[in-house]
Amino acid sequence: LTPPDLAGERILVTAGPTREEVDPVRYVSNHSSGKMGYAIARAAWRRGAEVVLVSGPTCLPDPWGIGVVRVESAMEMRDAVMAELPASTVVVKAAAVADYRPTTRSAAKIKKRTDSLSLDLEKNPDILAEVGRMKGDRVVVGFAAETGELLENARIKLTEKNVDLMVANDVSLEGAGFNVETNIAKLLFRDGTVEELSLMTKGAMADLILDRVAALRQKQSRQ
Ligand code: PMT
């Protein structure tokens, strides 16, 4: 049985994909199932934390005991995160936020009249970077989904988004990343330390990440 070592913490977790609507029947999205983020939310609740889960569209049921805010788009996720941020002591951003959204949403279904069709996209706000700018004494954990140059890319995100811990997963590896029960990751810390995790269930990885979060919170309280 895990001890309630996160009692007193309010942990804000994001999970799942976002959907960026093109027209009433189509959207731009990605393969995130929400499993990684939900595993973190469940583990944090089991360890005594108050948990708020901001979730993009998933097929997963609301975890017991946890307040779930359901959103669709990156803009909605941003608003939900910003509303929950002030009262939170820890933020874990496992969601796969769409980096771009269609510049315009067609009110009517786009008709199949031409042989090719271009979609104009504009950048979504980077929610994690915004959280990083407002970090204060919170512990902030980001995820980096990469298909190459894992450490280099994750290190850049760690610095640019001002997070304490970056969970870097190479989503091209079998058993890692989107829509599977397991993950493989490297944990990058601000002091340059890298911890290599082997293949494990997302539940086991959630607990491991929360062990590191608990240690970071303890270190903060001693300072
Ligand atoms: O949901 P599953 O099927 O279980 O899959 C798990 C996962 C692969 C989605 C998860 O392990 C993961 O890697 N999540 C992050 C995916 C991602 O968007 O990575 P990124 O490298 O593009 O973004 C880096 C970080 O910035 C992430 O914490 C992301 O939430 C955040 N971000 C990105 C873009 C944006 N506009 N706003 C953000 O907050």
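Derivation of every value follows stated rules applied to the coordinates shown; laboratory data play no part. Note that the structure is a prediction, hence the values are computed from the model and not measured. A quick note on method: Cβ atoms are made from the backbone with ideal geometry, for glycine too, and the neighbour counts reach across all protein chains shown.
Projected onto the charge dipole of the stretch 117-223 (+1 at Lys/Arg Cβ, -1 at Asp/Glu Cβ, origin at the Cα centre), which of Gly148, Leu197, Val171 gives the Cα projection farthest towards the positive end?
Positive-end residue among those listed: Leu197.
Enter the angle in degrees (range 0 to 90, nearest 10) between the Cα long axis of helix 74-84 and the first principal axis of the Cα atoms of the chain, meaning the one along which they spread out most.
Tilt relative to the chain: about 30 degrees.
To the nearest 10 degrees, how steep is helix 35-46 against the longest Cα principal axis of the chain, on a 0 to 90 scale?
30
Is there a quick way to get the dipole size of the stretch 3-77? I mean about its Cα centre, with the Cβ of Lys and Arg at +1 and of Asp and Glu at -1; what is the value in debye to the nearest 20?
That gives a dipole near 300 debye.
Using the Cα centre as the reference, give the magnitude of the dipole from point charges on the C-beta atoms of the stretch 38-141 (Lys, Arg: +1; Asp, Glu: -1; all else neutral), rounded to the nearest 20 debye.
Here the size comes out at about 280 debye.
Run the dipole for the chain about the Cα centre, Lys and Arg Cβ at +1, Asp and Glu Cβ at -1, nothing else charged, and hand back the magnitude in debye, nearest 20. Walk me through the numbers on the way to the answer.
Numbers: 30 positive and 31 negative charges, 83 e Å.
Its charge dipole is roughly 400 debye.
Can you find, among Val69, Val213, Asn124, the residue sitting farthest towards the positive end of the charge dipole of the chain, where Lys and Arg contribute +1 and Asp and Glu -1 at Cβ?
Ranked along the dipole, the leading option is Val69.
What do you get for Rg/Rh over the chain if you use C-alpha atoms and the Kirkwood form of Rh?
Numbers: Rg = 17.7 Å, Rh = 18.0 Å.
Rounded to two decimals, Rg over Rh is 0.99.
How far is helix 150-160 tilted off the main Cα axis of the chain, in degrees rounded to 10, range 0 to 90?
The angle comes out at about 80 degrees.
Relative contact order (percent) for the stretch 1-119, with alpha-carbon contacts under 8 angstrom and 6 or more residues of separation?
Over the stretch 1-119, the number comes to 37 percent.
Which of the lysines could be linked to Lys219 by a straight reach, that is with a Cα gap under 27 Å, when you skip same-chain ones fewer than 8 residues away?
Answer for Lys219, where 27 Å is the Cα cut-off: Lys93, Lys135, Lys157, Lys161, Lys186, Lys202, listed by chain and number.
Which distance in Å, rounded to a whole number, links the C-alpha centroids of the stretch 23-69 and the stretch 198-223?
Taking the Cα centre of each part, the stretch 23-69 and the stretch 198-223 sit 19 Å apart.
Output the relative contact order of the chain, whole-number percent, from Cα pairs under 8 angstrom with separation of 6+ residues. Walk me through the intermediate numbers first.
Details: 472 pairs, mean separation 43.0, N = 223.
Contact order relative to length: 19 percent.
Just tell me the longest site-free run in the chain, where the sites are GluC sites (Glu not before Pro) in a DSSP loop having at most 14 other beta-carbon atoms within 10 Å.
After excluding every exposed loop site, the longest remaining stretch is 1-148.
Can you list the aspartates and glutamates whose alpha carbon sits under 12 Å from that of Lys35, skipping same-chain ones fewer than 8 residues off?
Result set, ordered by chain and number: Asp62, Glu181.
Once the other residues with Cβ under 14 Å from the Cβ of Arg70 are scored (Lys, Arg +1; Asp, Glu -1), what is the net sum? The partial results should precede the final answer.
On the way: positive: Arg19; negative: Asp62, Glu72, Glu76, Asp79, Glu84.
The answer is -4.
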